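The values are calculated or read from the model by the stated rules, or taken from the named source; none is laboratory data. All figures in this text were calculated on a predicted structure; none of them were measured in a lab. All Cβ positions, glycine included, derive from the backbone under ideal geometry; neighbour counts span all protein chains shown. When the accessible area is computed, the model is the full protein with side chains, heavy atoms only, and any ligands, DNA or RNA have been set aside. Shrake-Rupley method; radii C 1.70, N 1.55, O 1.52, S 1.80 Å.
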Amino acid sequence: MSTFDLIVQGGTIVTASDVFKADIGIVDGRIAQIGENLTGAMQVIDASGKYVLPGGIDSHVHVSQPSGDGIVMADDFESGTRSALFGGNTTIMPFCLQEKGRPLREALNAYHKLAEGNCYTDVSFHLIVSDATDALLGQDLPALAADGYSSFKVFMTYEDLRLSDADILKTLDVARSTGATVMVHCENEDAIRFLIARHEAAGDVAPRAHASTRPVAVEREATHRALTLAEVVDVPIVIVHVSNGEAIAEIARARARGIKVVGETCPQYLMLTADDLEGMDWEGAKFVCSPPPRDKAAQDECWRGIETGLFDLFSSDHCPFRYDDERGKRNRKGLESFRHIPNGIPGVETRLPILFSEGVMKGRIDLPRFVALSATNHAKTYGLYPEKGTIAIGADADIAIWDPSINRTIRHAELHDGADYSPYEGLDITGWPTTVILGGRVMVRDGELMGKKGDGVYRPARTRLTKSI
Ligand code: URP
Ligand code: ZN
Ligand code: ZN
């Protein structure tokens, strides 16, 4: 009888703190042994010359989210998790949206049904609070948090989603009493509305105006306000998709005041600028997301935040809509004004290759920092650690084997999502995950899909964020 189900042999293991050569022995989906010259397995994967990392955790992903007005998201759980898997991820965290006037549990049950049997990676859910009723705050959220749905996203923008400061305070207070975590989308909706009206009155309706109507000031102000609300309630907070140095400075100042804040940024703020929204024939719509990409200086500030440890999380904010599609970016109303172009861009498969290539291979960050930003900190922030997010005895055998010698150019035709473009088309990448193991099962081997949909399952959050990571 074999000692192990699977041995990953001869690779260089990387965790958020260490880099060392060893074999990994896997039994029943978990890491059973880490050591030299392990033998006795039914299956052996040779990882020599490769890096053996915890599977990526992308804690900011939108799939199958109702998007209103005949708009349909390009990915469901099947295509979204398949794409994530090929990008070196073993867990994604999508958002379950509370529909106004309906119980959140109802949306959650429907979301579970969409996920069940369809996932190639494990999934864990965040809840979007869009209607902070007394029943939701007093009963539903505390019960849901106890059941493992312990991260809530609130919006300060989008007409139909934004919460008032009063409702954000109440939601933060529920987080304080239940140990849940609140993620905040920081943009000042009233200022955006004002600027949209001004641009539309001047006939400035092309995609580029999306960026002009959501300037840095509206993000900076809302970031400051969200941090202040968390300070008043005295609860940790996550500021998601930070795009520029002024918002970063607000996070740094809040930390200096003792506020427990987790900061997240995304590939679009390192690699794109508002100029990308200029494209001919509405091509700029491909890059419409909120907050919008800024300028080179903002990119540099975000890189500095990655390098210095200001950011804890690097997520994709994968929110895919097809471009050449009347249910996507080029919908009828969206061709009349940028205001109706659905916000969001695809990126779940390219998130980690971009950070590896631009970050590790170009010497901006080391491998442990890459692991922290891509997996460990996500698991710690959202209650999945230590089962996920690290390579340790007893942890889930969720592993991505990276080949640093691969040179590849991003081509959407070779990706696995449901969109019809990549914002990073043509970008040259060094290093790519070639083999991905989920719970001890080899899902991708040497770039070929071996697993099947349904191999990934729902995983509840188990622990709480009590301090900054
Ligand atoms: O434009 C974006 N980011 N769309 C996704 C929704 C969100 O705000 O995260
Ligand atoms: Zn957001
Ligand atoms: Zn998002």
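Worth a mention:
- Going through (1) part of a helix (DSSP H, G or I); (2) within 16 Å of ligand 2 (Cβ to nearest atom) one by one, S177 falls short only on (2).
- Of all residues in the range 253-269, those that are in contact with a strand residue (DSSP E or B) (Cβ under 9 Å, 6 or more places away or on another chain) and in a helix (DSSP H, G or I) total 3.
- A single entry from D446, D396 fulfils the requirement of being of a type in the set (D, E) and either open to solvent by 20 Å² or more (accessible area, probe 1.4 Å) or outside the structural domain of D46 (by TED's automatic domain parsing) (or both): D446.
- In the range 173-192, the residues that are without any contact (Cβ under 8 Å) to a residue 60 or more places away in the chain form Cβ pairs under 6 Å with partners that are open to solvent by 10 Å² or more (accessible area, probe 1.4 Å) and within 12 Å of ligand 1 (Cβ to nearest atom), at six or more places apart or across chains, as follows: E189/R162; I192/R214.
- Residue within the range 109-116 that is within 16 Å of ligand 1 (Cβ to nearest atom), open to solvent by 10 Å² or more (accessible area, probe 1.4 Å), among the hydrophobic types (A, V, I, L, M, F, W, C) and touching a residue at least 24 places away in the same chain (Cβ under 8 Å) present: no
- If you go through the range 67-82 and keep only what is within 16 Å of the chain's Cα centre (by Cα) and open to solvent by 50 Å² or more (accessible area, probe 1.4 Å), you end up with D76, R82.
- Failed item, numbered, when P207 is tested on (1) of a type outside the set (F, W, Y); (2) farther than 22 Å from V182 by Cα; (3) open to solvent by 10 Å² or more (accessible area, probe 1.4 Å): (3)
- Just one of the numbered conditions (1) within 16 Å of the chain's Cα centre (by Cα); (2) aliphatic (A, V, I, L, M); (3) part of a loop (DSSP other than H, G, I, E, B) is not true of I393: (1).
- Residues satisfying the stated conditions in the range 318-348, i.e. farther than 15 Å from K286 by Cβ and either within 16 Å of ligand 2 (Cβ to nearest atom) or crowded, with 19+ Cβ neighbours inside 10 Å (or both): V348
Listed here are the residues, each with its yes/no results for (1) acidic (D, E); (2) in the same structural domain as M156 (by TED's automatic domain parsing); (3) more than 15 Å from ligand 3 (Cβ to nearest atom).
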site	(1), (2), (3)
I239	no, yes, no
V242	no, yes, no
E246	yes, yes, yes
A252	no, yes, yes
V261	no, yes, yes
Q268	no, yes, no
T273	no, yes, yes
W282	no, yes, yes
D295	yes, yes, yes
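- Among residues of the range 281-300 being within 20 Å of R339 (Cβ to Cβ) and part of a helix (DSSP H, G or I), the one that is farthest from the chain's Cα centre (by Cα) is D281.
- So V238, is it within 16 Å of ligand 1 (Cβ to nearest atom), β-branched (V, I, T) and within 24 Å of S59 (Cα to Cα): yes
- The number of residues in the range 363-390 that are part of a loop (DSSP other than H, G, I, E, B) and open to solvent by 50 Å² or more (accessible area, probe 1.4 Å) comes to 5.
- Applying the condition of being assigned to a loop (DSSP other than H, G, I, E, B) and closer than 17 Å to L355 by Cα to the range 51-88 and asking which residue is nearest to ligand 1 (Cβ to nearest atom) yields G87.
- Inclusion of T91 among residues that are under 21 Å from the mean Cα position of the chain (by Cα) and in a strand (DSSP E or B) is warranted.
- The number of residues in the range 234-255 being surrounded by fewer than 18 Cβ atoms within 10 Å (Cβ to Cβ) and closer than 22 Å to K380 by Cα comes to 3.
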